[in-house]
1. State all residues of region 263-311 that are among the aliphatic types (A, V, I, L, M), part of a loop (DSSP other than H, G, I, E, B) and outside the structural domain of Ile253 (by TED's automatic domain parsing); if no residue qualifies, say none.
2. Out of all the residues in region 221-254, which are among the polar types (S, T, N, Q) and over 12 Å from Ile195 (Cα atoms)?
3. List the strands (runs of 3 or more DSSP E) inside region 50-166, counting only whole elements, that have at least 2 residues being small (Gly, Ala, Ser).
4. Scan region 4-27 and report the pairs whose first residue is in a strand (DSSP E or B) and whose second residue is among the small types (Gly, Ala, Ser) and surrounded by 15 or more Cβ atoms within 10 Å (Cβ to Cβ), with Cβ atoms within less than 6 Å and a gap of 6+ or a chain change.
5. Could you tell me whether Val115 is of a type in the set (Val, Ile, Thr) and surrounded by fewer than 17 Cβ atoms within 10 Å (Cβ to Cβ)?
6. For region 84-114, enumerate the residues that are in contact with a Lys or Arg (Cβ under 9 Å, 6 or more places away or on another chain) and of a type in the set (Ser, Thr, Tyr).
7. Check Asn137, Asn149, Asn180 and return the single one that is at pLDDT 95 or above and in contact with a strand residue (DSSP E or B) (Cβ under 6 Å, 6 or more places away or on another chain).
8. Starting from residues that are surrounded by 18 or more Cβ atoms within 10 Å (Cβ to Cβ) and among the polar types (S, T, N, Q), keep the ones in region 167-184 and report whichever is nearest to Ala267 (Cα to Cα).
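The values are calculated or read from the model by the stated rules, or taken from the named source; none is laboratory data. Predicted, not measured: the structure shown is a model, and the values here were computed from it. Here the Cβ positions follow ideal geometry from the backbone for every residue, glycine too, while neighbour counts run over all protein chains shown.
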Amino acid sequence: MKFKDKVSLDLILQITGAKPLGNLEVSITGINEIHTVENGDISFVDSPKYYDRMLKSKASVILINSDKVNIPEGKLLLVTDDPFDAYMRIVERFKPFVPCSSSISPTAKIGEGTVIQPNTFVGNNVVIGKNCLIHSNVSIYDNCIIGDNVIIHAGCVLGADAYYFQKHNGTYRKFLSSGNVVIGNNVEIGALCTIDKGVSNDTTVGDGTKFDNHVQVGHDTRIGKNCLIGCHCSIAGVTVIEDDVLIWADVSINKDLVIGKGTVVLATSAVDKSLEPGSVVFGVPADNAWKRWRELAALRRLPALMRKLDV
């Protein structure tokens with residue numbers, strides 16, 4: 001999440017109560033967790049296992065629970081007993097929940113020619129482009145951005161919180177979501193689909209992409225242009241799906257993967273690793289489709305082979 005204006009270090013110290021070490025002149029322009037952190041961002045780390053990764057990241061300001069680490073040149077460390085809690089307090093300060101008292105917020109911007117069917121909710125600061133059709137019982141959470149000529153079928157939810165929690169003292173703490181959902185032009189989203197907002201960045205769907213019904217897209221995922229995604233697909237968070245990808249029905253895709261341009265994932269597959277552009281994959285776990293079919297053909301011959309061997 002980028003702040004509207006640069007934020008002073010004094011304000012961050014006031015919010016977090018942390019002890020500053022390092023570059024006190026650093027420019028603070030946003031807040032992001034490790035997957036999407038950029039220069040100018042505040043981020044956090046609270047496990048020694050990830051200290052090195054965070055200290056080498058693009059983060060300009062790092063909330064950390066140790067002062068016994070080397071401070072990278074130009075960075076600012078903010079030392080606090082609970083970096084996660086301090087990070088959440090910053091999110092609450094700059095992206096608080098604002099209740100909406102009407103089904104279509106007066107702060108929403110809706111383009112010419114767009115039709116919104118009854119019982120749909122459009123939240124605060126939502127932007128919807130021209131000539132869209134939003135069917136009934138759709139929920140569009142605050143700050144979502146939807147392009148022109150988009151069709152969203154009944155029962156969809158855009159912008160729900162990320163499914164992202166931290167285990168702490170035997171229970172789970174919610175990672176507050178400060179990102180958005182951004183939908184491109186000429187997109188169609190089937191009935192009962194859900195697209196979660198980013199934890200600290202945007203979940204995006206590119207121009208011309210089409211969803212069937214019952215598709216789930218996790219936080220911070222980026223889906224490219226002109227993709228087709230079949231029904232009952234689940235795409236985990238922080239995954240990149242490049243342009244012209246075909247994902248057929250009942251496919252599961254794990255988190256933090258890259259699905260290369262033009263890839264085809266056949267129905268009922270489970271993808272657990274990144275795929276090169278132009279791949280055609282099938283199976284659980286997904287692998288080259290022709291290889292999988294040869295394996296299945298060989299497996300069918302196994303009972304007869306065992307009888308011959310008297311096994």
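1. Within region 263-311, Leu309, Val311 meet the criteria.
2. Asn226, Thr239, Ser252, Asn254
3. Because the criterion is at least 2 residues that are small (Gly, Ala, Ser), the strands (runs of 3 or more DSSP E) in region 50-166 that meet it are 157-160.
4. none
5. The answer is yes for Val115.
6. Hit for region 84-114 is Thr114, nothing else.
7. Among Asn137, Asn149, Asn180, only Asn180 is at pLDDT 95 or above and in contact with a strand residue (DSSP E or B) (Cβ under 6 Å, 6 or more places away or on another chain).
8. Asn180
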